[in-house]
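**Q** One structure is given below, represented as structure tokens, and several questions about it will come after.
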Amino acid sequence: MLASNGALLDTLRTALGADAVLAGDAVDPRYASDSTRINACAPAAVVRPRSTAEVAAVLRACHAAAQPIVVQGGLTGLAGGATPRAGEIALSLERLTGVEAVDADSGTLTVRAGTPLQAVHEEAARHGLQFALDLGARGSCTIGGNISTNAGGNRVIRYGMTRELVLGLEAVLADGTVLSAMNTMMKNNTGYDLKQLFVGSEGTLGVVTRAVLRLHPAPRERLTAMLAVPSFAKLVTVLREARSALGGQLGSFEALWSDYYEFAVEKSLGGKRPFAETHPLYALIELEALDAQIDTGRLETLLEQLLASGAAVDAVVARSLADSARLWRIRESAGELFAYVKPIVAYDVSVPIEAMEHYLARLAREAAQLIGEWPLFVFGHLGDGNLHIVASPRDARALDGVVYGALAGIGSVSAEHGIGVLKRPYLGTSRTPSELELMRRLKATLDPRNILNPGRVL
């Protein structure tokens with residue numbers, strides 16, 4: 001479409017400045033795909049606004065020209081949502097960065113959407129606070145992307161999803177209308193909570209440009225332990241006992257199946273094993289300590305009880321920040337899979353804990369003939385029922401059908417990565433026809449010309 005509408009680029013250059021609009025050879029290859037590199041396609045042009053007003057100018061012009069756009073943040077997504085399709089303009093928020101304000105008394109932080117998550121962590125820490133959302137891509141993923149996908153991460157068991165951490169936001173609608181709902185209050189029951197339309201809707205209803213985030217007190221210390229566990233039933237016992245013993249201070253509870261653990265130890269730790277023997281499952285626990293001495297005692301008492309009961313067969317406790325980092329490096333080695341496993345597909349599903357063992361057993365049976373030399377790598381956030389499954393498929397489409405088909409009636413095809421393009425055919429597995437119809441009505445109302453991330457989600 002852009003090829004026949006060169007005047008649009010001139011309009012955008014006038015509104016944003018020549019250096020904010022890239023076309024032709026000036027378009028870097030990185031804009032062609034999210035981190036999956038699936039169906040990579042160079043955008044027709046890239047626009048890089050620096051403010052909400054400039055985003056509004058872009059959308060007004062594109063709406064008038066019926067020009068489709070794809071919204072891009074840190075390009076760390078795994079569902080194809082930020083990958084351009086032919087003829088689309090990429091709206092990159094990479095210049096819309098910076099923390100605007102921190103209110104330590106109210107526990108809020110106001111930030112622009114293109115700001116990396118790690119920058120938010122660092123600014124909150126300077127005030128003795130924390131922004132609880134945390135995930136492995138923290139250095140490159142952006143707040144806008146986190147909001148648009150309702151990101152989860154490592155601390156959902158304690159703080160919930162991104163949705164629970166956003167107090168207010170500003171978004172630009174498809175026609176350039178700016179919706180400013182920058183609420184800073186915990187309680188505000190005044191009609192529809194419109195911000196929730198833009199949390200998890202993957203840029204299909206509007207472009208988030210700014211947000212007010214909820215902060216929490218930073219723990220005095222994070223205490224980390226890893227346990228070797230003999231069976232899935234025992235893993236559930238460890239989770240139950242950890243919740244009971246540690247209560248709200250249980251910040252993370254991660255599960256690693258053996259094949260993933262062995263790969264991660266070899267590739268990320270150079271074979272330096274936390275445990276001398278191999279075990280079926282491993283649990284990574286993090287406690288947010290208020291008093292390091294008292295809470296260390298509580299954690300060690302829990303571990304002793306789990307070992308005595310047979311729920312765990314071995315355990316290691318991090319005695320330093322370096323020890324903790326090494327244990328977390330095992331959990332966060334998914335990036336190494338993408339470096340070594342070819343071809344590769346990554347799944348992000350939610351399964352109720354009581355159905356998880358049966359689901360994985362069925363998946364192993366039905367996927368056996370569809371994967372290559374690499375095993376199924378399984379790990380995830382057990383405390384919130386989120387599994388990450390990575391495989392090297394012989395037939396990716398058939399494997400998709402197995403992974404998502406087994407979820408019908410019991411789980412979700414996306415726990416935290418979003419739907420994008422890659423999971424769109426399977427959205428009906430997790431949503432009813434009436435829910436899908438209401439989503440279509442919302443999309444048609446807010447984006448009648450279908451220019452915002454067309455073909456994503458719906």
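**Q** May I ask you to evaluate 6.51 cos²θ - 1.76 cosθ + 1.60, the Karplus curve with θ = phi - 60°, for each residue of segment 102-116 and list the ³J(HN,Hα) values in order in whole Hz, giving x for glycine and proline?
**A** Couplings: 10, 10, 5, 5, 7, x, 10, 9, 9, 8, 8, 5, x, 6, x Hz.
**Q** Can I ask one more? Roughly how compact is segment 221-298, stated as its Cα Rg over 2.2 N^0.38 Å to two decimals?
**A** 1.17
**Q** Something else about it: Looking at segment 299-354, what % of the alpha carbon pairs are farther apart than 19 Å?
**A** Cα-Cα pairs in segment 299-354 separated by more than 19 Å: 60 percent.
**Q** Nearest 10 degrees is fine. How inclined is helix 52-65 to the longest principal axis of the chain, computing both from alpha carbons?
**A** For 52-65 against the chain, the angle is about 60 degrees.
**Q** If you plug each phi of segment 401-418 into the Karplus form 6.51 cos²θ - 1.76 cosθ + 1.60 with θ = phi - 60°, what whole-Hz ³J(HN,Hα) values come out, in order, with x for Gly and Pro?
**A** Those phi angles translate into x, 5, 4, 7, x, 6, 8, 3, x, 10, x, 10, 6, 9, 8, 8, 8, x Hz.
**Q** Residue-wise, which Karplus ³J(HN,Hα) couplings in Hz belong to segment 298-312, taking 6.51 cos²θ - 1.76 cosθ + 1.60, θ = phi - 60°, and x for glycine or proline?
**A** For segment 298-312, the Karplus-derived couplings read 5, 5, 5, 4, 4, 4, 4, 5, 5, 5, 5, 7, x, 5, 10 Hz, x marking Gly and Pro.
**Q** While we're on this one: Would you please report the Å³ per residue occupied by the convex hull of the alpha carbon atoms in segment 32-136?
**A** 105 Å³
**Q** Moving on to the next point. Roughly speaking, to the nearest percent, how much of the chain's 1.4 Å accessible area is carbon and sulfur?
**A** That fraction is 52 percent.
**Q** If I take R0 = 41 Å and measure r between the Cβ atoms of Glu122 and Asp19 in this structure, what FRET efficiency does the formula 1/(1 + (r/R0)^6) give, to the nearest 0.05?
**A** 0.90
**Q** Now for a different question. Is the C-alpha gyration tensor of segment 209-261 telling us rounded, prolate or oblate? Criteria: a/c under 1.5 is rounded; beyond that, a/b larger than b/c is prolate, otherwise oblate.
**A** prolate
**Q** How much of the DSSP bridge set in segment 1-146 is antiparallel, in percent, rounded to the nearest 5?
**A** Rounded to the nearest five, the antiparallel share is 55 percent.
**Q** Relative contact order (percent) for segment 347-458, with alpha-carbon contacts under 8 angstrom and 6 or more residues of separation?
**A** Relative contact order comes out at 28 percent.
**Q** Starting at 0 and stepping by 5 Å, how many percent of the alpha carbon pairs of segment 405-458 end up in each bin?
**A** Using 5 Å bins, I get a P(r) of 4, 19, 25, 26, 16, 6, 3, 0 for segment 405-458.
**Q** Next question, about the same structure. Can you give the alpha-carbon Rg of segment 27-74 over 2.2 N^0.38 Å, where N counts its residues?
**A** This ratio for segment 27-74 stands at 1.25.
**Q** Let me understand segment 145-297 better: what is its radius of gyration from the alpha carbons, and its Dmax, in angstrom?
**A** Spelled out, the Cα radius of gyration and Dmax of segment 145-297 are 20.2, 61 Å.
**Q** Can I ask one more? List residues of segment 30-55, by number, whose backbone nitrogen lies under 14 Å from a label position 7 Å along Cα→C-beta of Phe338.
**A** Label zone hits: 30-40.
**Q** With the Cα gyration tensor of the chain in hand, give its eigenvalues times 5 under a square root as the equivalent ellipsoid semi-axes, listed largest first in whole angstrom.
**A** Three semi-axes, in Å: 39, 26, 20.
**Q** Further, regarding this structure: Please sort 141-151, 285-295, 180-190 by packing, taking for each peptide the average over its residues of neighbouring beta carbons within 10 angstrom, highest first.
**A** The most tightly packed comes first, giving 141-151, 285-295, 180-190.
**Q** Sticking with this structure for a sec: Please name whichever of Leu337, Leu303, Val317 sits farthest to the positive end of the charge dipole of segment 289-348, dipole taken about the Cα centre and charges placed at Cβ: Lys and Arg +1, Asp and Glu -1.
**A** Projecting each Cα onto the dipole axis, the largest value belongs to Leu337.
**Q** If packing is taken as the average count of other Cβ atoms within 10 Å, what order do 305-315, 334-344 fall into, highest mean first?
**A** Ranking, from highest mean packing down: 305-315, 334-344.
**Q** In what sequence, highest mean first, do 444-455, 365-376 appear when ranked by Cβ atoms within 10 angstrom?
**A** Those peptides, ordered most packed to least, come out 444-455, 365-376.
**Q** How charged is the neighbourhood of Gly420? Take every other residue with its Cβ under 10 Å from the Cβ of Gly420, and add Lys/Arg as +1 and Asp/Glu as -1.
**A** With Lys, Arg at +1 and Asp, Glu at -1, the neighbours total +1.
**Q** Given a 1.4 Å probe and the protein chains all in place, what does the accessible area of Thr115 round to, in Å² to the nearest 10?
**A** We get 0 Å² for Thr115.
**Q** Considering the convex hull of the alpha carbon atoms of segment 83-178, report its projected area averaged over all viewing directions, in nm², one decimal.
**A** 7.3 nm²
**Q** Hey, how many Å between the Cα centroid of segment 390-415 and the Cα centroid of segment 175-221?
**A** The distance from the Cα centre of segment 390-415 to that of segment 175-221 comes to 32 Å.
**Q** With the calculation restricted to Cα positions, what are the radius of gyration and Dmax of segment 46-96 in angstrom?
**A** 11.0, 31
**Q** Of the beta bridges DSSP finds with both residues in the chain, what % are antiparallel, to the nearest 5?
**A** Approximately 85 percent, going by the DSSP bridge assignments.
**Q** Assuming a viscosity of 0.692 mPa s and a temperature of 37 °C, what translational diffusion coefficient in µm² per second does Stokes-Einstein assign to segment 349-458, Rh being the Kirkwood radius over Cα pairs?
**A** Rounded, D is 215 µm²/s.
**Q** My understanding is that a pair violates if its Cα-Cα distance is over 31 Å; which of Lys187/Lys234; Lys272/Lys342; Lys234/Lys267; Lys195/Lys423; Lys342/Lys443 do that in this structure?
**A** Violating the 31 Å Cα-Cα cut-off are Lys187/Lys234; Lys342/Lys443.
**Q** Same structure again: Principal axis extents for segment 277-320, Cα atoms only, whole Å, descending order, please.
**A** 33, 21, 14
**Q** Something else now. Calculate the length of the line joining the C-alpha centroid of segment 320-345 to that of segment 250-273, in whole Å.
**A** 7 Å
**Q** Under the Kirkwood approximation for Rh and a Cα-based Rg, what ratio Rg/Rh is obtained for segment 294-393?
**A** Here Rg/Rh amounts to 1.05.
**Q** Give the ranking of Lys423, Lys443 by solvent-accessible surface, highest area first, calculated with a 1.4 Å probe.
**A** In descending accessible area the options line up as Lys443, Lys423.
**Q** What whole-number value in Å² describes the accessible area per residue of segment 281-402 for a 1.4 Å probe?
**A** 45 Å²
**Q** Here's a follow-up. For the chain, what does -39500 (n - 2.57) per DSSP helix run (n ≥ 4), summed and divided by total residues, give at 222 nm, in deg cm²/dmol to the nearest 500?
**A** Result for the chain: -10000 deg cm²/dmol, rounded to the nearest 500.
The values are calculated or read from the model by the stated rules, or taken from the named source; none is laboratory data. Fair warning: this is a prediction, and the values are worked out from it, not measured in the lab. FYI the Cβ positions are ideal-geometry reconstructions off the backbone, even for glycines, and counts take in every protein chain you see. Note: accessible area is taken over every heavy atom of the protein model, side chains too, but ligands, DNA and RNA are not part of it. Shrake-Rupley method; radii C 1.70, N 1.55, O 1.52, S 1.80 Å.
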